[in-house]
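Take a look at the structure below.
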Amino acid sequence: MYTKVLTIAGSDPSGGAGIQQDLRVFSQLGAYGMAVIASLTVQNTKGVKGFVATEPQLLRNQIEFLLEDVRPHGIKTGMLGSEENIRMVARSLRGLDVPIVVDPVLMATSGDPLFEGAKSAFYRDLFPLATVITPNIHEASVLAGLEVVDLVGMRKAAKVLKGYGPSWVMVKGGDLDGDEVVDLLYNGVDFYHFTHPRVSLARDSHGTGCAFASTLAVLLARGMDVSRACEEASALTELYIRGAEGIGRGAIPANPLVLGERKAAKGAVLERLRKAMGELEALDYGGLLVPEVQVNLCEAIPLARNRSEVAGIKGRIVRWGDRMRAVGCPAFGASRHVANIVLTAMRFDPSMRAAMNIKFEEDWIPLLKASPLDVASFSRKDEPTKVKVREGSTLEWGVNQVCSRLGRVPDIIYDRGDVGKEPMIRVLGRNALTVVEKAKMVLDLVM
């Protein structure tokens, strides 16, 4: 059965925000999207030139005639266009027993004001119906009547806004300065903080508020509890921003299409690993590359966030006479150490999504350095104590050291080991097949 979610919001002709963004999110999350248009805007990626609100009675008719036939499992409101429209929406939704996410849009990302005089209507009519309201810091400042410039201000604004009747208040911190984004959730008793890395884009982002609120509406419609849903919506919105691509000359819209792209990539990653595994097993004298801890070959899906999104070889690859032999088949979550190498490299270059560990021999290093391969190293002796004592963190630290120093991800990263730590060479590349090609180059050099 479909999860049916209704958005009541404005239309963005550029497609990056509003109704268009909401419906895109619903689709990517597997929900059936319905839409009532509350306003029409004249805008592109560079800004809002103007707008006109839907006539209030027409807006009410759209909602109520739809609800006579179809009952959504969740509702999201966005730009409503006028004070009267806020009241009309509240009147139409009153009494519905479904989660309602209110995104109190007051201005566009570009800074263009979308409508005035909405505060009292939000306070009296719509906020009391909301399961969650999701203002950014600018909207929270206007609605709460105080300046929000830090986490303390976010807390104060959340308390003020909670007093107007919503069950939960989510103040989004994406517009504050800092390397990390902190979103704040408040239910009148407890504060919850959701922190994630800030994503740098060439230009401002667009439609992130719409994408967050519509994602949250789907998760709540499926019965997820509010705190978990807000945390997951924050994480997914970060992903939409990381996958964003410019479509015009202005702001870059958040891109929920990355969800479908990542899902489709899983099959391709496993297929490349199977083919790469076959090429390794066919190598004459490939066993020379196998270290005592054996080999793993990994590839991640685009924008991978954790080891469950990195595929490797179950049971690893062992030496079989003079050749290599895979003990198991490719699977996601099948590697820890090599997967961590991939995830660390991707922080510097998202296109470098594969890696493989091979044997270290001291007399191989001059040969590698004289080759066309880009070769770099780190020393485990420089490793901080707090890293040494944390199991599995050395490789992440070492790869981070190398890539930070170079400003790029090299083809080869090696280290000479330490007490109880086998020296190792790691081969990195864009996918499993390119890594195998580089491993073949290494084998040709050292034979």
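Of all residues in the range 60-95, which are of a type in the set (K, R), closer than 18 Å to P166 by Cβ and touching a helix residue (DSSP H, G or I) at 6+ places or on another chain (Cβ under 6 Å)? If you could, list the steps in order and put the result at the bottom.
Taking the range 60-95 and keeping what is of a type in the set (K, R), we get 60, 71, 76, 87, 91, 94.
Then drop every residue that is not closer than 18 Å to P166 by Cβ, which leaves 76, 87, 91, 94.
Selection gives K76, R87.
If I ask for residues that are among the charged types (D, E, K, R) and modelled with pLDDT of 95 or more, which ones from the range 285-306 would you list? Give the derivation first.
If we filter the range 285-306 for residues that are among the charged types (D, E, K, R), which is where we start, we get 292, 299, 305.
Answer for the range 285-306, where residues must be among the charged types (D, E, K, R) and modelled with pLDDT of 95 or more: just E299.
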Original post:
Do you know which residues across the range 398-423 are hydrophobic (A, V, I, L, M, F, W, C), over 28 Å from R272 (Cα atoms) and modelled with pLDDT under 95?
Top reply: V419
Original post:
Taking the range 30-53 as the search range and keeping residues that are in a loop (DSSP other than H, G, I, E, B) and modelled with pLDDT under 95, which one is surrounded by the fewest Cβ atoms within 10 Å (Cβ to Cβ)?
Top reply: K46
**OP:** Output the residue which, of all residues in the range 157-181 that are out of contact with any Ser or Thr (no Cβ under 9 Å at 6 or more places or on another chain), within 23 Å of R198 (Cβ to Cβ) and surrounded by fewer than 22 Cβ atoms within 10 Å (Cβ to Cβ), is modelled with the highest pLDDT.
**Re:** L176
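Within the group R319, R380, R323, which residue is farther than 22 Å from L283 by Cα, surrounded by fewer than 21 Cβ atoms within 10 Å (Cβ to Cβ) and either among the charged types (D, E, K, R) or at pLDDT below 95 (or both)?
None of the other options fit; the residue is R380.
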Original post:
On the given criteria, is K162 in contact with a helix residue (DSSP H, G or I) (Cβ under 8 Å, 6 or more places away or on another chain) and of a type in the set (D, E, K, R)?
Top reply: no
Original post:
modelled with pLDDT under 95, acidic (D, E) and either surrounded by fewer than 19 Cβ atoms within 10 Å (Cβ to Cβ) or closer than 23 Å to G243 by Cα (or both) - does that describe any residue in the range 424-438?
Top reply: no
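Check A311, A268, A244, A254 and return the single one that is buried (at least 19 other Cβ atoms within 10 Å of the Cβ) and at pLDDT 95 or above.
The match here is A311.
If I ask for residues that are assigned to a loop (DSSP other than H, G, I, E, B), in contact with a helix residue (DSSP H, G or I) (Cβ under 8 Å, 6 or more places away or on another chain) and either over 18 Å from Y186 (Cα atoms) or of a type in the set (D, E, K, R) (or both), which ones from the range 224-245 would you list?
Let us first name the residues in the range 224-245 that are assigned to a loop (DSSP other than H, G, I, E, B), namely 224-225, 243-245.
Checking the rest, the ones that are also in contact with a helix residue (DSSP H, G or I) (Cβ under 8 Å, 6 or more places away or on another chain) come to 224, 243.
Listed by number, the list holds a single entry, G243.
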Subject >> Unique match (being buried (at least 19 other Cβ atoms within 10 Å of the Cβ) and among the small types (G, A, S)) among S234, S200 >> reply: S234
**OP:** Give me the pairs, please: first residue somewhere in the range 47-70 and without any contact (Cβ under 8 Å) to a residue 60 or more places away in the chain and assigned by TED's automatic domain parsing to the domain that holds E84, second residue anywhere and among the hydroxyl-bearing types (S, T, Y) and not in a helix (DSSP H, G or I), beta-carbon distance under 7 Å, and either six or more positions apart or on two chains.
**Re:** V52/S39; T54/S39
Original post:
Residues of the range 182-194 being touching a strand residue (DSSP E or B) at 6+ places or on another chain (Cβ under 7 Å) and surrounded by fewer than 20 Cβ atoms within 10 Å (Cβ to Cβ), which ones?
Top reply: V182, N187, F191, Y192, H193
Subject >> Any pair with Cβ under 9 angstrom, 6 or more apart, that starts in the range 424-445 at a residue that is assigned by TED's automatic domain parsing to the domain that holds L283 and closer than 13 Å to R353 by Cβ and ends at one that is surrounded by 19 or more Cβ atoms within 10 Å (Cβ to Cβ) and modelled with pLDDT under 95 >> reply: L428/V399
**OP:** Hey, can you tell me all the residues within the range 271-302 that are in contact with a Leu (Cβ under 7 Å, 6 or more places away or on another chain), over 20 Å from M447 (Cβ atoms) and surrounded by fewer than 19 Cβ atoms within 10 Å (Cβ to Cβ)?
**Re:** K275
**OP:** Might you check whether a residue that is out of contact with any strand residue (DSSP E or B) (no Cβ under 8 Å at 6 or more places or on another chain), of a type outside the set (A, V, I, L, M), in contact (Cβ under 8 Å) with a residue 12 or more places away in the chain and closer than 30 Å to R94 by Cα occurs anywhere in the range 151-162?
**Re:** yes
Original post:
Tally time: how many residues in the range 12-29 are outside any helix (DSSP H, G or I) and either of a type outside the set (A, V, I, L, M, F, W, C) or in contact with a Cys (Cβ under 7 Å, 6 or more places away or on another chain) (or both)?
Top reply: 6
**OP:** Report, ordered by the first and then the second residue, all pairs with beta carbons closer than 6 Å, sequence separation of six or more or different chains, a first member in the range 21-35 that is within 13 Å of L259 (Cα to Cα), and a second member that is outside any helix (DSSP H, G or I) and modelled with pLDDT under 95.
**Re:** R24/P256; V25/P256; Q28/P256
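The values are calculated or read from the model by the stated rules, or taken from the named source; none is laboratory data. As the structure is a prediction and not an experimental result, all values here were calculated from the model. Cβ atoms come from the backbone with ideal geometry, glycine included; neighbour counts cover every protein chain shown.
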